[in-house]
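The values are calculated or read from the model by the stated rules, or taken from the named source; none is laboratory data. What you see is a predicted model, and the numbers here were worked out from it, not measured in a lab. Cβ atoms come from the backbone with ideal geometry, glycine included; neighbour counts cover every protein chain shown. For accessibility, only protein heavy atoms count, side chains too; no ligands or nucleic acids. Shrake-Rupley method; radii C 1.70, N 1.55, O 1.52, S 1.80 Å.
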Amino acid sequence: MKAIVQKVNYKRGFVAYEIEGYDYGWLEILDLVEVEPEEEIEGPFTELGEANIYIKSTGKAIKVFIEDYGMSRQKAIEMIMR
């Protein structure tokens, strides 16, 4: 599943993402790899818990924890900035 990074809280390692243009969620990065806003990522964004996602442009794998999905863009950004 593809997603686009919407916003990143670099201090806490949280990322808000948009799933293929219709839904939003947020995750925590468990690795030292960072992602940037508007970057395309791939992974199981509708399955909660630990997962590996991939940066589409580089193929680099990132270990993450999918915290939640199925929310508005505003709510996902609010969750990562708290």
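Counting only residues 5 or more places away or on other chains, whose amide H sits under 5 Å from the amide H of E39 once H atoms are built in the peptide plane?
Amide H neighbours of E39, under 5 Å, 5+ apart: V5.
If r is the Cβ-Cβ distance from E40 to D68 and R0 is 25 Å, what FRET efficiency results, to the nearest 0.05?
0.75
With each pseudo-label sitting 7 Å past Cα toward Cβ, what's the E78-L48 distance in nm, one decimal?
So the two model labels end up 1.8 nm from each other.
Not counting ligands, DNA or RNA, and with a 1.4 Å probe, what is E28's accessible surface area in Å² rounded to the nearest 10?
60 Å²
Could you tell me the calculated FRET efficiency between K60 and E20, based on Cβ-Cβ distance and R0 = 35 angstrom, to the nearest 0.05?
On the way: r = 21 Å, r/R0 = 0.59.
In this case the efficiency is close to 0.95.
Taking the convex hull of the alpha carbon atoms in the chain, what volume per residue do you get, in Å³?
Hull volume over Cα atoms, normalised by residue count, gives 74 Å³.
Give me the lysines in straight-line cross-link reach of K63: C-alpha distance below 19 Å, same-chain residues under 8 apart excluded.
Filter leaves K2, K7, K11.
How are the Cα pair distances of the range 1-43 distributed, in percent, across 5 Å bins from 0?
Calculated P(r), rounded to whole percents: 6, 25, 38, 22, 8, 2.
What span do the alpha-carbon atoms of the range 39-82 cover on each of the three principal axes, reported in whole Å from largest to smallest?
29, 21, 17 Å, listed from the longest principal axis down.
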